[in-house]
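For reference, the structure is listed below as structure tokens.
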Amino acid sequence: MPVPVVSVAQMRQWEQASWSAGRTEAAVIARVGACLAAWLRRHVPHNDRILILAGKGHNGDDARAALPHLQGRAVDLVEVRDPETALPDLERALARGPDWILDGLFGIGLNRPLAEPWCRLIERINQARSRIVSVDVPSGLDADTGRPWGATLRATCTLTLAAPKQGLLHPAAHTFTGRLEVIPDIGLVPCPIQSELCWTLPEDFLDWPPPRPVAAHKGTFGHLAIVAGSTGYHGAAVLAARAAQRARPGLITLITPASVYAVVASQLQAVMVHPWSAAHPLPGRYTALLFGPGLAAADLPAEIPATLARLWQEANVPIVVDASALDHVPRGPIPRDALRVLTPHPGEAARLLGTTTNEVQSNRVAAVRALSGQFGGAWIVLKGYQTLIGRQHGPIFVNPSGNPDLAQGGSGDVLAGYLAGLCAQPPLQGDPERLIRYAVWQHGAAADALSRRHPAWVVEDLVRTLGRVAPHRVASTARPATPTTPP
Ligand SMILES: NC(=O)C1=CN([C@@H]2O[C@H](COP(=O)(O)OP(=O)(O)OC[C@H]3O[C@@H](n4cnc5c(N)ncnc54)[C@H](OP(=O)(O)O)[C@@H]3O)[C@@H](O)[C@H]2O)[C@H](O)CC1
Ligand SMILES: [K+]
């Protein structure tokens with residue numbers, strides 16, 4: 001189950017509900033400590049030195065509770081109840097050159113500006129060349145607003161507990177949180193809070209996609225039609241088709257303008273390729289359609305935008321629209337019960353909304369709502385850091401996977417192809433929300449798996465890795481799943 005994004009007040013409410021139901025603080029803190037240690041054992045090389053900073057509140061208790069689970073590791077603990085008296089101990093510990101710092105100075109209990117000695121201490125820690133892993137919240141950050149209370153630790157990674165705090169998702173907070181990860185199960189009662197924003201967890205996909213029936217054949221898994229590519233952009237069509245293959249629909253047909261037919265067709269084998277013709281039956285026998293990517297050249301056949309506009313308003317099959325094809329989607333109502341998905345990046349979203357990229361980025365949730373509202377309640381995948389998935393009404397899901405190595409031409413084509421390849425499969429069409437969330441998560445998780453192995457990967461590597469990352473439970477003691485070696 002995805003977890004809600006919560007305010008500090010809501011987190012306190014959840015805490016109180018847990019204590020009222022008989023859960024104890026001591027048990028929760030012990031569990032948090034074990035989870036933090038599990039994360040450190042998984043990510044910190046064995047000979048690296050770890051410094052634990054334990055503050056005066058429960059955030060400090062959490063960090064301290066990791067210690068018993070880190071036997072055999074080089075660990076120092078510094079208690080920081082007062083910034084001035086703790087400074088000599090801190091300096092001694094920093095002189096030992098910790099590779100990692102577990103930050104348990106302040107969590108959601110920080111409720112007023114930090115005095116000068118605290119700010120100096122925090123800046124001193126920032127200057128050390130250690131990777132900082134913050135417990136729950138980077139110390140110094142207001143967990144509601146995402147703004148510093150004077151000074152804030154700059155974490156490489158923030159392990160937030162039970163649910164993300166709303167301030168951590170604020171653009172102003174990103175430089176302090178580093179990569180945001182959620183440790184969902186810390187022993188509280190089931191979350192009593194509902195929220196507009198929900199955070200996708202890898203474990204949401206432990207049982208998804210469902211196993212294939214033993215007697216299934218390629219007809220069981222549908223037939224995707226991709227209309228993509230044009231002069232100068234033929235590679236986008238090839239990438240989308242190859243990524244669609246990784247989703248494993250029964251069949252894929254790629255329809256591409258005659259000007260690039262030969263070059264596109266020569267790069268694909270299992271995918272059937274046809275030159276564009278207005279006479280090609282659409283939706284015909286297809287179980288989903290993808291329009292875009294690469295439909296961008298000035299000499300694009302005029303019937304392609306017209307066909308997209310007609311099908312968008314009439315066809316009963318799922319339609320995914322990406323990249324330059326977004327400009328040809330008609331506003332207004334869409335057929336009831338037919339899946340429609342738009343996958344803009346922030347620049348495309350801004351163009352569709354008649355605003356600026358900065359405006360979109362400053363309130364991404366509002367951009368999703370507005371776009372979906374304009375396009376008949378279609379699903380919107382607003383790409384970028386923490387991709388958002390949602391519609392005009394209902395929950396909006398934040399995707400946790402992916403990293404800056406995805407910022408390269410073609411990665412969007414790959415997402416569109418993979419997503420459409422899943423949309424084409426009748427056994428998966430009954431749960432569009434999970435389908436879209438899975439496609440986005442898998443795309444980011446494949447990038448994360450590649451980046452763990454070597455940073456200089458390219459989009460072609462992404463296509464090979466897509467679909468191979470097995471979802472795992474966060475902060476279990478097991479190692480995270482890594483993809484099998486691409487062929
Ligand atoms: N939410 C949960 O269900 C659980 C959270 N846990 C962890 O606990 C912290 C929150 O712990 P808490 O003890 O409430 O507060 P902190 O540890 O964040 O802060 C410690 C104290 O610091 C004081 N404070 C506040 N502002 C300042 C300031 N500007 N300068 C100096 N000191 C400040 C404040 O005490 P005061 O009496 O001085 O106001 C705080 O109490 C949460 O983030 C999780 O890590 C547990 O795991 C249990 C479950
Ligand atoms: K912290």
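The values are calculated or read from the model by the stated rules, or taken from the named source; none is laboratory data. Note that the structure is predicted; figures quoted are calculated from it, not measured. With ideal geometry, Cβ positions are generated from the backbone for all residues, glycine too; neighbour counts draw on all protein chains shown.
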Requested in this report: Please enumerate the residues belonging to the stretch 223-266 that are within 15 Å of S277 (Cα to Cα), hydrophobic (A, V, I, L, M, F, W, C) and crowded, with 20+ Cβ neighbours inside 10 Å.
Outcome: A225, I226, V227, A228, L254, I255, V260
Requested in this report: List every residue pair whose Cβ atoms lie under 6 Å apart, where the two residues are 6 or more positions apart in sequence or sit on different chains, the first residue falls within the stretch 54-78 and is over 15 Å from A26 (Cα atoms), and the second residue, located anywhere, is part of a loop (DSSP other than H, G, I, E, B).
Outcome: G55/V80; G55/L105; G55/F106; K56/R81
Report task. Answer yes if at least one residue in the stretch 395-410 is among the charged types (D, E, K, R), buried (at least 20 other Cβ atoms within 10 Å of the Cβ) and assigned to a helix (DSSP H, G or I), and no otherwise. Result -> no
Requested in this report: Pick out, from the stretch 168-230, the strands (runs of 3 or more DSSP E) lying fully within it that include 2 or more residues that are under 30 Å from A262 (Cβ atoms).
Outcome: 223-227
Query - Subset of the stretch 205-222 (residues that are charged (D, E, K, R) and surrounded by 11 or more Cβ atoms within 10 Å (Cβ to Cβ)) - result: R212, K218
Query raised in the report: D144: in the same structural domain as W39 (by TED's automatic domain parsing) and either near ligand 1 (Cβ under 10 Å from one of its atoms) or part of a loop (DSSP other than H, G, I, E, B) (or both), yes or no?
Result: yes
**Report entry** Counted residues, the stretch 115-141 - those being assigned to a loop (DSSP other than H, G, I, E, B), within 14 Å of ligand 2 (Cβ to nearest atom) and either loosely packed, with under 15 Cβ neighbours inside 10 Å or small (G, A, S) (or both)
**Finding:** 2
Report task. Could you tell me whether C157 is at pLDDT 95 or above, surrounded by fewer than 21 Cβ atoms within 10 Å (Cβ to Cβ) and within 13 Å of ligand 2 (Cβ to nearest atom)? Result -> yes
Query raised in the report: Does any residue of the stretch 275-284 turn out to be outside any loop (DSSP other than H, G, I, E, B) and either among the β-branched types (V, I, T) or buried (at least 22 other Cβ atoms within 10 Å of the Cβ) (or both)?
Result: no
Requested in this report: For the stretch 1-36, enumerate the residues that are small (G, A, S) and either near ligand 1 (Cβ under 9 Å from one of its atoms) or within 26 Å of G146 (Cα to Cα) (or both).
Outcome: S7, A9, A17, S18, G33
Query raised in the report: Residues of the stretch 92-101 being exposed (fewer than 15 other Cβ atoms within 10 Å of the Cβ) and either in contact (Cβ under 8 Å) with a residue 24 or more places away in the chain or of a type in the set (G, A, S) (or both), which ones?
Result: A95, R96, G97
Query raised in the report: How many residues does the stretch 285-298 contain that are over 25 Å from the mean Cα position of the chain (by Cα) and closer than 21 Å to L239 by Cβ?
Result: 4
Report summary line: Filtering the stretch 437-467 for residues that are more than 17 Å from A420 (Cα to Cα) and outside any helix (DSSP H, G or I) leaves a count of 5
Requested in this report: Give the residues of the stretch 288-303 that are touching a residue at least 40 places away in the same chain (Cβ under 8 Å) and either among the charged types (D, E, K, R) or crowded, with 21+ Cβ neighbours inside 10 Å (or both), sorted by residue number.
Outcome: A288, L289, L290, F291, G292, P293, G294, L295, D299, L300
Report task. Answer with yes or no whether A26 is among the aliphatic types (A, V, I, L, M), surrounded by fewer than 21 Cβ atoms within 10 Å (Cβ to Cβ), under 25 Å from I186 (Cβ atoms) and free of Cβ contacts under 8 Å to residues at least 12 places away in the same chain. Result -> yes
Report task. Inspect all residues belonging to the stretch 66-78 and state whether any of them is within 16 Å of ligand 2 (Cβ to nearest atom) and surrounded by 24 or more Cβ atoms within 10 Å (Cβ to Cβ). Result -> yes
Query - One residue from D103, D144 being acidic (D, E) and within 11 Å of ligand 2 (Cβ to nearest atom) - result: D103
Query raised in the report: Under the condition of being more than 14 Å from ligand 1 (Cβ to nearest atom) and more than 15 Å from the chain's Cα centre (by Cα), which residue from the stretch 147-169 is nearest to Q127 (Cα to Cα)?
Result: R154
Report summary line: In the stretch 304-323, anything part of a helix (DSSP H, G or I), touching a residue at least 60 places away in the same chain (Cβ under 8 Å) and closer than 16 Å to F375 by Cβ is listed as L308, A323
Report task. Tally the residues that are hydrophobic (A, V, I, L, M, F, W, C), more than 19 Å from the chain's Cα centre (by Cα) and under 20 Å from R364 (Cα atoms), restricting the search to the stretch 311-351. Result -> 4
Report task. Quick one: in the stretch 44-57, of everything that is surrounded by fewer than 19 Cβ atoms within 10 Å (Cβ to Cβ) and within 19 Å of V137 (Cα to Cα), which residue is farthest from the chain's Cα centre (by Cα)? Result -> K56
**Report entry** Subset of the stretch 411-436 (residues that are assigned to a helix (DSSP H, G or I) and among the charged types (D, E, K, R))
**Finding:** D413, E433, R434
